[in-house]
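**Student:** First, the structure itself, so that you have it in front of you.
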Amino acid sequence: MSELPEGAGAPPTTAVPLAALGLRLLAAPEGAEAAEVHGVHASEMADPSPYLLGGELLLTAGAWSDDPREYVGRLVRAGVAALGFGVTPVHERVPEELVAACAAAGLPLVEVEPGTPFAAVARTVWRLMAEARTRELRRVAEAQRSLAAAASRPDPVPAVLGRLAAALGGHAELVDPAGSARPAGSAGSARPGVTAGPDVPVAQTSERAVPPPVREALDALAARVGGSGPVTATDTAAGWHLTAYALGRRPATRDTGGAGGGVPGPVLLLAAPERTPGDHTIAGAAAVLLTLLTAPRQTAGAGARSAALLSLLLGGPAAEAAALLGPGPWTVAHARPLPGAGAASASDPEAVAALAEGLGATLAAPAGAGGTVRLLLDRDPAPRPGWRLGISAPAAAGELAAADAQAAGALRRAEAARAALLRHREGGLAALVPPGAAEAHARALLAPLTPVQSETLRAWLAHHGSWDRTAIALGVHRNTVRQRVARCAALLARDLDDPDTRMELWFALRSLDTHHNSPVT
């Protein structure tokens, strides 16, 4: 029996404190206070490994008959995070041989007391995982706001590096291709020419010194990225986790010999003694900020505009954008590459730069976790080959948060309809209903549907009930579309052949688009 959320696949693990499970800990590696788990699996098989993804808390009552050492060895090879042994009715107590085998293998072992259902243990694990992930999301959001605020300071590069180092609890620096360092975010660094910078308060920097082996590994990592090499690279040294990000290329100049394609841009180097799931998101946001802030063609005013836009997109106050961007009107565009061979990458700086140039964008931010490129324009754009675009209505600088939501909704509709470009539409019958009431009704109406079912219904309605066109748009078989739509009809208890029903459902989906809170995002 597996206790995994629907469609989970192989989800990331979360550190779950073993003591918080309320179970007696019988064996654990020295100093281990938590197990990295992604779920719970119950099995009485002598070899459950074919059914494990790795990272489970495996629960068993010991109905199997096997050598405990061989059993534990199979679990360790399968990547089990911890073992929970339920006493009674098979065993009155946890076998000593099993305790010894788990201790020898470094596999945490907890005792599930009589009368404690395995389902209750699973619920506790899921609750602890949800609490841990909520804390991590808050940490990431706070770090992004801090980075955005740092980017709008008079000396933004050292400020961003300092905030980044503080968020990761480690070291951050910017190195140019010649090897000289920009102001770093680690107060413990003693590298010549590397300082925390006068604009970075000591409280915002890491006090951890970077050990010499880590310093050497960082220098080697910097040489691996950029140019014709990879955009990012990772390594470990002396227990530290290292990452390097190449931040684009500079145009060729007379000083660089006019080399085709320019010369490698700066490299962001990160080192942290520990790594958490949100670190990659925080580092990615900082890399985007630093890419814009260090672009060679930027004037001081352009750098301020870049910082203002990203401050807005990362949750900063819209007042900064209104003060630095000018009155406008401005248009926000969301773009994703069209699928197919040779498709551009939304995270490729060169592809994003080409898209921005083709649209005449003032600013562009490469894709984050959602795979969407965001652009700011001062004109109405035309479709671009290889890209699908959602375009907002023109807006003043202080209203870009709403324009960003409009562009996201327009892109979702463009994907559902397989259109190259769709613009946000104002007015119509939907505008006669108060937005709050429309959203509340839509959420209540669509509450029985899962995100996948809602997205399928959206695409089916957008294609006027065509099974084939909907299947092509979603990349699934037409029978899958039929099954999902039939399930939607059953869950909603509605006749989807009724035009009134279709209109109501479409307005409901559209109202959630408008509020940028759709459950299918």
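No lab work stands behind these numbers, since they all come straight from the coordinates. Note that the coordinates shown come from a computational prediction; the quantities given were computed from them, not determined experimentally. We place every Cβ from the backbone using ideal geometry, glycine too, and count neighbours over all the protein chains shown.
**Student:** Ranked highest first by the average count of other Cβ atoms within 10 Å around their residues, in what order do 160-170, 124-134 fall?
**Tutor:** Values: 160-170: 27.0, 124-134: 15.8.
Taking the mean over residues of other Cβ atoms within 10 Å, the ranking is 160-170, 124-134.
**Student:** Once you keep just the Cα pairs under 8 angstrom separated by 6 or more residues, what percentage relative contact order results for the range 2-130?
**Tutor:** On the way: 232 pairs, mean separation 37.9, N = 129.
Contact order relative to length: 29 percent.
**Student:** Provide the FRET efficiency to the nearest 0.05 for the Arg494-Ala100 pair, computing r from the beta carbons and using R0 = 60 Å.
**Tutor:** 0.50
**Student:** Can you give me the C-alpha center-to-center distance between the range 48-123 and the range 489-504, rounded to a whole angstrom?
**Tutor:** 49 Å
**Student:** 7 Å from Cα along Cα→Cβ at both Arg153 and Arg379: what's the point-to-point distance in nm?
**Tutor:** Using points 7 Å along Cα→Cβ, the separation is 3.7 nm.
**Student:** Would you please give the FRET efficiency between Ala209 and Arg443, computed as 1/(1 + (r/R0)^6) with r the Cβ-Cβ distance and R0 = 41 Å, to the nearest 0.05?
**Tutor:** For Ala209 and Arg443, the calculated efficiency is 0.20.
**Student:** What is the extension gain from Val90 to Ala353, computed as 0.36 nm multiplied by their sequence separation minus the C-alpha to C-alpha distance, in nm to one decimal? Mind showing how you got there, number by number?
**Tutor:** Values: separation 263, 0.36 × 263 = 94.68 nm, distance 6.51 nm.
Value of the extension gain: 88.2 nm.
**Student:** OK, next. Could you sort the peptides 395-405, 135-145 by per-residue average Cβ neighbour count (10 Å cutoff), highest mean leading?
**Tutor:** The packing order, highest mean first, is 395-405, 135-145.
**Student:** Out of the trypsin sites (Lys or Arg not before Pro) in the range 17-117, which ones are loop residues according to DSSP with at most 15 other C-beta atoms within 10 Å?
**Tutor:** Here the trypsin sites (Lys or Arg not before Pro) that fit, given the DSSP loop and packing criteria, are Arg93.
**Student:** Something else about it: Any idea what % of Cα-Cα pairs in the range 429-514 are farther than 21 Å?
**Tutor:** The proportion of pairs with Cα distances above 21 Å equals 27 percent.
**Student:** Between Glu30 and Arg145, what FRET efficiency follows from the Cβ-Cβ distance if R0 is 35 Å, with the result rounded to 0.05?
**Tutor:** 0.35
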